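Taking it in order: structure first as structure tokens, then the write-up.
The values are calculated or read from the model by the stated rules, or taken from the named source; none is laboratory data. Predicted model only: the values in this text are computed from it and were never measured. With ideal geometry, Cβ positions are generated from the backbone for all residues, glycine too; neighbour counts draw on all protein chains shown. With ligands, DNA and RNA removed, areas are computed over all heavy atoms of the protein, side chains included. Shrake-Rupley method; radii C 1.70, N 1.55, O 1.52, S 1.80 Å.
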Amino acid sequence: MGHTDDVSTPILRPGIKTFKPRRSRITPRQQQALAHAGPCLLTEETLDDAWASDSPVIVDIGFGSGEPVAAMARTFPEQIILAVDVHTPGIGDLLDRCRVEDIDNVFVIEADALELLPAIPGPVSGVRTYFPDPWPKSRHHKRRLVQAPVIDVVAERVIEGGFWHLATDWAEYAESICAAFDEHTAWQGGVIPRPDWRPVTHYERRAIREGRAVVDMWFTRI
Ligand SMILES: C[S@@+](CC[C@H](N)C(=O)[O-])C[C@H]1O[C@@H](n2cnc3c(N)ncnc32)[C@H](O)[C@@H]1O
């Protein structure tokens, strides 16, 4: 297992981004939520706040929109969810849901997870990554979020007994994820049946509509 304690060392090759540029409009509701975000919207400077209580912190990487995170926050009220994404409308959506639904166990940060992970200041009890962009073309595989160097850094942040739960509708990506985890001495696990508490997201609905099977994977930090 390598070490990436130097926060200035990029996890992937410099310039490689795992997300697609999106220009979706921010709705007035999302704009309002962003403008009046309370202490649950974190920056790298206030990231410590997620660890202010004794509750376990679960990091959701690439949460997309607010609905699934809000559902998970209601299902697991004993957990703090640190939701990370680069997509501003999704950040606004989640902030709005947390305010409307009075959810107090979610923190949100607008950040590239690959830059954030090395800077994470506290123990992580689990990580969730649902439907990461599959980057299906071979020449784009280098842009995949879930690959050996990232698994390595996450292993350094997740406590022993902690987990990384992933789901994808891209069979070949699932195979490559399992193969990369198998190579690691720090993780144990593989494909699991779909847990019924995982919310069905927009991406999952589309996969089902288009006839692609969804694979859930669960790896425990040993
Ligand atoms: C296909 S969407 C899936 C969203 C959600 N997890 C779901 O299941 O509906 C992938 C999300 O990951 C985000 N993402 C990709 N790479 C990221 C990174 N390095 N840091 C933070 N978010 C990232 C994208 O912005 C996008 O919102």
Discussion item. Accessible area of the chain with a 1.4 Å probe: how many percent of it is carbon plus sulfur?
Written reply: 52 percent
Practice prompt. Please state, as a whole number in µm²/s, the translational diffusion coefficient that the Stokes-Einstein equation yields for the stretch 1-87 at 37 °C and 0.692 mPa s, with Rh defined as the Kirkwood radius across alpha carbon pairs.
Written response: 210 µm²/s
Response to the item:
For the stretch 163-213, the Cα gyration tensor yields equivalent-ellipsoid semi-axes (√(5λ), largest first, whole Å) of 23, 13, 7
Worksheet entry | Ranking by accessible area, most exposed first, for 184, 202 with a 1.4 Å probe | 202, 184
Discussion item. Give me the 1.4 Å probe accessible area per residue for the chain, excluding ligands and nucleic acids, in Å².
Written reply: 50 Å²
Worksheet item: Where does each of 61, 208 land when they are ordered by accessible area, with a 1.4 Å probe and the largest first?
Response: 208, 61
Item to complete: Roll a 1.4 Å probe over the protein heavy atoms and report the accessible area of residue 125 in Å², nearest 10.
Response: 30 Å²
Response to the item:
Per the Kirkwood formula over distinct C-alpha pairs, the hydrodynamic radius of the stretch 105-165 in angstrom is 13.0 Å
Worksheet, complete the sentence: Taking r as the C-beta separation of residue 188 and residue 36 and R0 as 30 Å, the FRET efficiency to the nearest 0.05 is 0.10
Item to complete: Only Lys, Arg, Asp and Glu count, each charged at its Cβ (+1, +1, -1, -1), so figure out the dipole size of the stretch 39-221 about its Cα centre, rounded to 20 debye.
Response: 800 debye
Practice prompt. Could you work out the local net charge near residue 187, counting Lys and Arg as +1, Asp and Glu as -1, over the other residues with Cβ closer than 14 Å to its Cβ?
Written response: -3
Item to complete: Taking the dipole about the Cα centre of the stretch 39-221, with the C-beta of Lys and Arg at +1 and of Asp and Glu at -1, give me whichever of 90, 72, 171 is farthest to the positive side.
Response: 171
Item to complete: Roll a 1.4 Å probe over the protein heavy atoms and report the accessible area of residue 216 in Å², nearest 10.
Response: 0 Å²
Worksheet, complete the sentence: Once all protein chains are kept in place, residue 110 shows an accessible area at probe 1.4 Å, nearest 10 Å², of 90 Å²
Worksheet item: Suppose R0 equals 35 Å; then what is the FRET efficiency for residue 159 and residue 20 from their Cβ-Cβ distance, rounded to the nearest 0.05?
Response: 0.65
Worksheet entry | Efficiency of FRET between residue 202 and residue 141 - r from beta-carbon atoms, R0 30 angstrom, step 0.05 | 0.80
Worksheet entry | Kirkwood Rh (inverse of mean 1/r, distinct Cα pairs), the chain, angstrom | 17.8 Å
Worksheet item: What is the percent of Cα-Cα separations in the stretch 88-199 that go past 25 Å?
Response: 29 percent
Fill in: 222 nm mean residue ellipticity, helices alone, for the chain (DSSP H n ≥ 4; -39,500 (n - 2.57); rounded to 500)
-8500 deg cm²/dmol
